[in-house]
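Have a look at the structure below, then the notes.
FYI, it's all coordinate maths here, none of it is from the lab. Source: prediction; values computed, not measured. Cβ sites come from the backbone with ideal geometry, for glycine too, and all protein chains shown count toward neighbours.
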Ligand SMILES: NC(=O)c1ccc[n+]([C@@H]2O[C@H](COP(=O)([O-])OP(=O)(O)OC[C@H]3O[C@@H](n4cnc5c(N)ncnc54)[C@H](OP(=O)(O)O)[C@@H]3O)[C@@H](O)[C@H]2O)c1
């Protein structure tokens, strides 16, 4: 691939799960700027990348505006542009609403909503200047439907979907695309034990399924904008016919 066909992708939540799958896939063809709190995981993802690519990482907490600002600044200093922003970092705590502390409820909104807001805020001026770009928000089916124990998480993902819908209207005039992906259950360590009870083995998406959907959006025509993708699992091969 010629260097001028390579894009610069900022990816949050890059250390594990869905983010790791996206980094491993896109790291074969595009420059990456990874963000998470886990240095060793991001380092090892980048070690398996094509050495022709100049990817970087930033260790930071998405709840801290300064960490986000520095990540975007470092990306622009290194590559001079941002073509794609993937807001993927996310957390979930699952229990009945009266069992939540204010701090727990607040932390979910800070990571899932404010983190995406701030990464968008700092990346957007460069995309507007370039009159191109793509912002992909990893939301959830919990951003389309409520479910038992899901108040705090659904509140954050409904908010992220609302943010996405309005953002698209703000930036389409600059040729910037905005889409949210709403996956069902994905086979990752997300949510810890609280989520295990929702996850049978046969109807879970693989992190790579979400990564393939991200690739589709990155390659989308510059004159169209997929609005929202709801990604459902289907029965795994080994269970079919049972
Ligand atoms: N798994 C599912 O069933 C599922 C379904 C639908 C949607 N999703 C969404 O998909 C996204 C990725 O989830 P996943 O399943 O891949 O979860 P995961 O395996 O738990 O990974 C979460 C990622 O977010 C990062 N992160 C969390 N808190 C952070 C913080 N304070 N600062 C910086 N980074 C932080 C983590 O990095 P560090 O901990 O290394 O900092 C990690 O890279 C989330 O937005 C989630 O809501 C997941």
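Between 219, 50, 61, where does the largest GNM mean-square fluctuation fall for the chain, given springs only between Cα atoms within less than 10 Å?
Judging by the Gaussian network model, the answer is 219.
Considering just Cα atoms, how many Å³ per residue does the convex hull of region 51-92 enclose?
96
I want to verify a result. In a Gaussian network model of the chain, Cα cutoff 10 Å, which of these has the top mean-square fluctuation: 224, 55, 116?
Fluctuation is largest for 224.
Which log10 I(q)/I(0) values, to two decimals, does region 62-114 give at q = 0.17, 0.20, 0.29 Å⁻¹ under the Debye formula with one point per Cα?
-0.65, -0.78, -1.16
What residue among 19, 115, 146 has the largest mean-square fluctuation in a Gaussian network model of the chain, using Cα springs under 10 Å?
Looking only at 19, 115, 146, the biggest GNM fluctuation is shown by 146.
Give, in nm to one decimal, the length gained when the segment between residue 172 and residue 43 is fully stretched (0.36 nm per residue of separation minus the Cα-Cα distance).
Difference between extended and current length: 43.0 nm.
Between helix 65-79 and the chain, what is the angle of the helix's C-alpha long axis to the longest principal axis, kept within 0 to 90° and rounded to the nearest 10?
Compared with the principal axis, the helix lies near 40 degrees.
Which of the peptides 169-176, 8-15 is most tightly packed, and how do the rest follow, judged by the mean count of other Cβ atoms within 10 Å per residue?
Going by the mean number of other Cβ atoms within 10 Å, highest first, we get 8-15, 169-176.
Hey, what's the Cα Rg ratio for the chain versus the globular rule of thumb, 2.2 N^0.38 Å?
Normalised Rg, Cα atoms only: 0.98.
What translational diffusion coefficient, in µm²/s and rounded to a whole number, does the Stokes-Einstein relation yield for region 117-197 at 37 °C and a viscosity of 0.692 mPa s, taking the hydrodynamic radius as the Kirkwood radius over Cα pairs?
235
Using only the Cα atoms, work out Rg/Rh for region 24-149, with Rh taken as the Kirkwood radius, to two decimals.
1.01
Could you work out how far helix 17-26 tilts from the main Cα principal axis of the chain, as a 0 to 90 degree angle to the nearest 10?
Helix 17-26 and the main axis of the chain meet at about 30 degrees.
On C-alpha positions alone, give me the angle between the axis of helix 151-171 and the longest principal axis of the chain, in degrees, nearest 10.
Tilt relative to the chain: about 30 degrees.
Could you check the spin-label model distance between residue 77 and residue 239? Points 7 Å from the Cα along Cα→Cβ, value in nm.
About 4.8 nm separates the two model spin labels.
Please compute one quarter of the surface area of the Cα convex hull for region 1-88 and express it in square nanometres.
5.0
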